[in-house]
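Notes to accompany the following structure.
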Amino acid sequence: MTDLDRYHRQMRLPGIGAEGQARLGRGSVFIAGCGALGTVAADLLGRAGVGTLVIADRDLVEPTNLQRQTLFTERDASRSTPKAEAARLRLAQANSNVRVRAFVEEIDSGTIESLAEGCDLILDGLDNFETRYLLNDFAVATGVPYLYGAGVATQGMSMPVLSRRGPGASATIRWNEAEATPCLRCLFPTPPPAGSTPTCDTAGVLGSVTMTVAAHQATQAIKLLVGDVAAVDRSLRSFDLWTNVNRALGISESTDPDCPCCVRGRFEHLDAPASATRILCGRNAVQIRSEAGDDEIDLDAVADRLAELGTVEAVDGSIRGRLRGERSPDGGPVSVVVFSDGRAIIEGGTDPDWARGVFDRVVGR
Ligand SMILES: [Zn+2]
C-alpha cells in the first residue's frame, strides 16, 4: 500500500499535502497514559501516519475501560493485559508502518526523561493532576509542546502549552513569542487536594466526551507536527456535551506574569523525588515501587512466594496472584500484580501501610 493509497484523504487537505504527510512520518509523540484520552489519540495519530508513538501506562485493561477506551477488547479485559501492550498490538493491526514503543511503567520524575526523550511533543492522556504538573514541568524545561487534556462526567477541557521560555535548542517544533501560551501552572497554580475533584469513578464519564477531548488534542498534534503552529487553537477550550456549553479562555486572561514554572524556571515537580507508594483510588488498590530498582526484581522468586501464599499466574511479563485466606482492611480478597519494572499493585484496599506489608511479604524489601 502506498502512502497515497493510505493517506489520500488527509493529503488532499491544503494544510497537510505531501510535505505535511512526510513530516508526520518523521514525527514522534509521547502519549502519557493510555486510557480514554490516550487510546483515542494514539488511534487517530497512528492511523494518520505519525512515524513513532511512545506509549506509557502503568495499568491493566479492566472491563470498565471498554465503554470508552477504543483500542481495547473484551479479551484484553479478561486477560488483564497491560494497557500499553494491548494498545501496541492493536495499533500494529491498524497501521503496521507506525513504530509503537510501549512501556508498562509509572510516569514520574525518575522515568519521564527516558520515556519522553527524543519525542517532538507530549500528549496528556492522564487521570491525575500530580503527573500532569510533571509533564508540564518537563515540557517547559525541555522546550517541547505539551497538549493538556481532561474529561470527566459530561465535561472536557483541552489546551496546548507552547512555553513562553520558547522551544528547546534541539526541538523540532518551533514557535515564536507571539505564538507562546501560558502553562498549566499559570492556570492552576497548585494541584487540587487529593480527593477534592470529581473522577471518572465517582462522577462517571461519557465516552463521547473523552473522545472529543482526544480528537482536539490529536488535531493540535497534527498541526504542530506539520509545522502549522499558527493554526493551533491557543486557548483553554472547555465544553459540556450535555448542556451544550462551549468556552474558550483566551491566553491573555490566563497568563501568570510571575509563574514559578514558565517565568521563574522552577521545576518543582520534575525535581521532586518519585514517590514509592501511590494510592490508585479508582481501582481500590495501592501501587508500590520497589526500592531495589527494576533490575533486581526476580519474578521467578516472586512467583514461588505467591505459589506458597495462594494462586499464581504469569501474564504478559507480569506475575499475578491471589492471597489465599487473606483479607484487606476493608474485608475484601487480596490480589497482587508484580511487574518486571519493580512495581507491584496490591489490590483490595487503599491503606498504604497494609499494602506495604503485603508487598514486603510477596516481593521482598
Ligand atoms: Zn506558567
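The values are calculated or read from the model by the stated rules, or taken from the named source; none is laboratory data. Model, not experiment: these values are computed from the prediction. Ideal geometry is used to build each Cβ from the backbone, glycine not excepted, and the neighbour counts take in all protein chains shown. Just so you know, the surface numbers come from the protein's heavy atoms only, side chains and all, with ligands and any DNA or RNA stripped out. Shrake-Rupley method; radii C 1.70, N 1.55, O 1.52, S 1.80 Å.
The DSSP beta bridges internal to the chain are antiparallel in roughly 70% of cases.
Per-residue 3J(HN,Hα) values for the range 216-222, derived from phi via the Karplus relation 6.51 cos²θ - 1.76 cosθ + 1.60 with θ = phi - 60°, read 5, 4, 5, 5, 4, 4, 5 Hz in sequence order (x marks Gly and Pro). Proximity of backbone amide H atoms, modeled 1.01 Å from N, is registered between Arg343 and Ser290 at under 5 Å, excluding neighbours fewer than 5 places apart on the same chain. Ignoring ligands, DNA and RNA, what percent of the accessible area of the chain is carbon or sulfur (1.4 Å)? Ligands and nucleic acids excluded, carbon and sulfur give 49 percent. In the chain, the DSSP-assigned H stretches of four residues or longer account for a calculated mean residue ellipticity at 222 nm of -10000 deg cm²/dmol, using -39500 (n - 2.57) per stretch and the full residue count as denominator.
Legend: P(r) of the chain from all alpha carbon pair distances, 20 Å bins from 0, whole percents, reading 29, 57, 14, 0. Once the mean of 1/r is taken over each pair of separate Cα atoms and inverted, the range 211-275 shows a Kirkwood hydrodynamic radius of 14.7 Å.
In the context of the full set of protein chains, residues of the chain present 45 Å² of accessible surface per residue (probe radius 1.4 Å, heavy atoms only). Each of Leu299 and Asp330 was given a label point 7 Å from its Cα along the Cα-to-Cβ line. The distance between the two points is 2.7 nm.
Residue separation of His8 and Thr64 scaled by 0.36 nm, minus their Cα-Cα distance, works out to 16.6 nm of gained length.
Evaluated over the Cα positions of the range 277-362, the convex hull gives a direction-averaged projected area, one quarter of its surface, of 5.0 nm². Given a 1.4 Å probe and the protein chains as shown, Ser170 ends up with an accessible area of around 110 Å². Scanning the chain for GluC sites (Glu not before Pro) lying in DSSP loops with no more than 13 further Cβ atoms inside 10 Å, the longest uninterrupted stretch between such sites is 118-290. Applying 1/(1 + (r/R0)^6) with r as the Cβ-Cβ distance of Ala272 and Ala203 and R0 = 25 angstrom yields a FRET efficiency of 0.30.
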